[in-house]
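Here the structure is laid out as C-alpha cells; the discussion comes afterwards.
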Amino acid sequence: MTETPTSPQDAKAALEEGAVLAPRYDANGLITAVVTDSRDNQVLMLAHMNAEALKMTLETGIAHYWSRSRRSLWKKGETSGNVQMVEEIRVDCDQDAVLLKVRVGGQDATCHTGRRSCFYRRIVTADGTPQLVTDSSPLFDPATVYTDH
C-alpha cells in the first residue's frame, strides 16, 4: 500500500525521489516534451503532451502529442511516414516536463519543413542585430507530403 505524504516536504520528496509517475500538467492540461534522437542525442523538436498523448505513447511505443494549433491528438509521422519510435522516456525532477529519446523512421526527418530537426536555425549577431542562419536543408519536400496544410 502506498502511503500518502503527510507534509509538503514529504509530497515534494515523493515527487522528486519516488517511483510513482505523477506528471504535473499546466493549466491547459499540457506537459512539455523535449524530443531527442536516441542515437546521437540531437534535439529534434519540442512539443506538448496531454494525459491522453502520454498514455498513447506509453501504450504503443510511438510518440503522440497534443497539437495546440489544431487542438487535437496526433501521432508523429502519421502523414509523413517519419514515425518516432520511443526508446526511452525520462521525466524531469518535478515531473513537469518529459524527455523522449526516439528513433525516427522514414526519411529520418522530424520537422514539418522536411528537416531532421526543428532546430535548424542559429541566432547570430551581425552589426548588433540578431539574425537567423539556416544550417540544414530539407530531406523531403513538405508540399508533396502534407497535402492538407
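Where a number appears in this text, it was derived from the coordinates with a stated rule and is not lab data. This structure is a prediction, so every number in the text was calculated from the model and none was measured. Note: ideal-geometry Cβ built from the backbone for every residue, glycine included; neighbour counts use all protein chains shown.
For LYS101, a cut-off of 20 angstrom between C-alpha atoms picks up these lysines, skipping any fewer than 8 places away in its own chain: LYS55, LYS75, LYS76. Under a point-charge model restricted to the Cβ atoms of Lys and Arg (+1) and Asp and Glu (-1), what is the dipole moment magnitude of segment 77-149 relative to its Cα centre, in debye to the nearest 20? Charge dipole, segment 77-149, about its Cα centre: 240 debye, nearest 20.
Taking the Cβ of THR36 as the centre, find all other residues whose Cβ is under 14 Å away and add up their charges (Lys, Arg: +1; Asp, Glu: -1). Net charge around THR36: 0. Looking at the chain as a GNM with Cα springs under 10 Å, which of ARG68, ARG39, ARG24 has the largest mean-square fluctuation? Judging by the Gaussian network model, the answer is ARG39. Each residue of segment 61-77 was assigned a 3J(HN,Hα) from its phi angle through the Karplus curve 6.51 cos²θ - 1.76 cosθ + 1.60 (θ = phi - 60°); the sequence is x, 10, 5, 10, 9, 9, 7, 5, 6, 8, 6, 7, 6, 9, 8, 4, x Hz, with glycine and proline shown as x. Relative to the longest principal Cα axis of the chain, at what angle does helix 51-60 sit, 0 to 90 degrees, rounded to 10? Compared with the principal axis, the helix lies near 80 degrees. For the chain, taking a cut-off of 4.7 Å between Cβ atoms, the unpaired cysteines are CYS93. Rounded to the nearest 500, the helix-only mean residue ellipticity at 222 nm of the chain stands at -4500 deg cm²/dmol, with each DSSP H run of n ≥ 4 adding -39,500 (n - 2.57). Highest mean packing first, where packing is the average number of other Cβ atoms within 10 Å per residue, the peptides 121-131, 8-18 line up as 8-18, 121-131. Distance from the C-alpha centroid of segment 44-59 to that of segment 108-149: 23 Å, rounded to the whole angstrom.
Simple rule: put +1 on each Lys or Arg Cβ and -1 on each Asp or Glu Cβ in the chain, find the dipole, and look at GLY29, LEU73, THR113; the Cα lying farthest toward the positive end is THR113. Across the chain, the relative contact order, built from alpha-carbon pairs under 8 Å that are at least six residues apart, equals 19 percent. Shape summary of segment 22-112, radius of gyration then Dmax from alpha carbon positions: 12.1, 36 Å. The charge dipole of segment 28-132, taken about the Cα centre with unit charges on the Cβ atoms of Lys, Arg (+1) and Asp, Glu (-1), comes to about 360 debye, rounded to the nearest 20.
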